[in-house]
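Here is the structure we will look at.
The values are calculated or read from the model by the stated rules, or taken from the named source; none is laboratory data. Treat the numbers as computed from the prediction; the structure is a model and nothing was measured. In this analysis, Cβ positions are derived from the backbone assuming ideal geometry, glycine residues included, and neighbour counts consider all displayed protein chains. Accessible surface is based on the protein model in full, side chains and every heavy atom, while ligands, DNA and RNA are left aside. Shrake-Rupley method; radii C 1.70, N 1.55, O 1.52, S 1.80 Å.
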Amino acid sequence: IRIFDRKIYVCDYYLCKSPNPEEFFNALFSFLTLWKVKEVVFETILFARVYKHSLQAEMQRRHHYFTFISVEDKRPKPMRIRQEIGVYLSNRTLYINNKQMELLDQLALYPNVQHDDILDALSMGLMHVKPWMLSMSTIEGEFEVIENERDQKLLEHWRSAP
């Protein structure tokens with residue numbers, strides 16, 4: 001997911017049945033590169049825990065790092081899906097591409113779907129959206145325009161230590 005201008009966009013997803021680890025890693029790292037991902041929300045139960053440890057080794061091998069956010073939500077999956085996704089649907093802040101047919105089908109037919117894995121993954125990602133993230137496209141505060149040359153020189157190297 002990507003947050004921009006107080007909206008949450010489902011950019012992409014990867015769906016397969018019991019992937020081999022290399023296939024999963026290739027898909028994930030292509031998303032990391034394509035979408036400039038900084039954080040990955042990862043379920044830490046059952047077999048997903050094994051994947052997480054393998055993925056840490058793969059990050060080192062590829063020299064491509066990101067932050068893991070572990071999810072250990074004890075709510076039943078249907079409750080998590082309804083609560084997390086429902087908030088953004090009711091606020092009309094969740095945007096889905098019309099080409100993401102599997103996701104749209106799962107949303108339209110829920111709870112009468114055979115597989116709800118995309119909804120479950122989306123709900124875990126949405127659990128970590130904080131209100132401040134939705135307002136990041138707006139900068140609030142005060143500023144002053146620098147007009148004298150001395151202050152302008154100080155501003156040129158503001159990231160380096162004096």
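Find the relative contact order for region 1-71 and round it to a whole percent, using C-alpha pairs within less than 8 Å whose residues are 6+ positions apart.
Rounded, it is 28 percent for region 1-71.
Quick one: pull the percentage of alpha-carbon pairs in region 31-70 with a separation above 11 Å.
Values: 512 of 780 pairs.
More than 11 Å apart: 66 percent of the Cα pairs in region 31-70.
Any idea how far apart S90 and E22 come out in nm if each label point goes 7 Å out from Cα toward Cβ?
Between S90 and E22, the simple spin-label model gives 4.7 nm.
I need the phi-derived Karplus couplings for region 10-19: 6.51 cos²θ - 1.76 cosθ + 1.60, θ = phi - 60°, integer Hz, Gly and Pro marked x.
Result, ordered by residue: 7, 7, 6, 7, 10, 9, 7, 9, 6, x Hz.
With a 1.4 Å probe and all protein chains left in place, how much of the accessible area of region 31-99 comes from carbon and sulfur atoms, in whole percent? Please report the intermediate quantities before stating the final value.
Numbers: 2720 of 4840 Å².
Accessible surface attributable to carbon and sulfur in region 31-99 totals 56 percent.
Per residue, what accessible area does region 1-87 have, given a 1.4 Å probe and all protein chains present, in Å²?
Ligands and nucleic acids excluded, the result is 66 Å² per residue.
Which value in nm describes the separation of the simple spin-label points at E102 and T67, placed 7 Å from the Cα toward the beta carbon?
2.8 nm
In terms of the ratio Rg/(2.2 N^0.38 Å) built on C-alpha atoms, what value belongs to region 1-99? Provide the component values of the computation, followed by the final result.
Values: Rg = 15.0 Å, N = 99, 2.2 N^0.38 = 12.6 Å.
Compactness ratio reported: 1.19.
Using +1 at the C-beta of Lys and Arg and -1 at the C-beta of Asp and Glu, which of I81, N91, V40 has the Cα lying farthest in the positive direction of the dipole of region 2-97?
Towards the positive end, the residue furthest out is N91.
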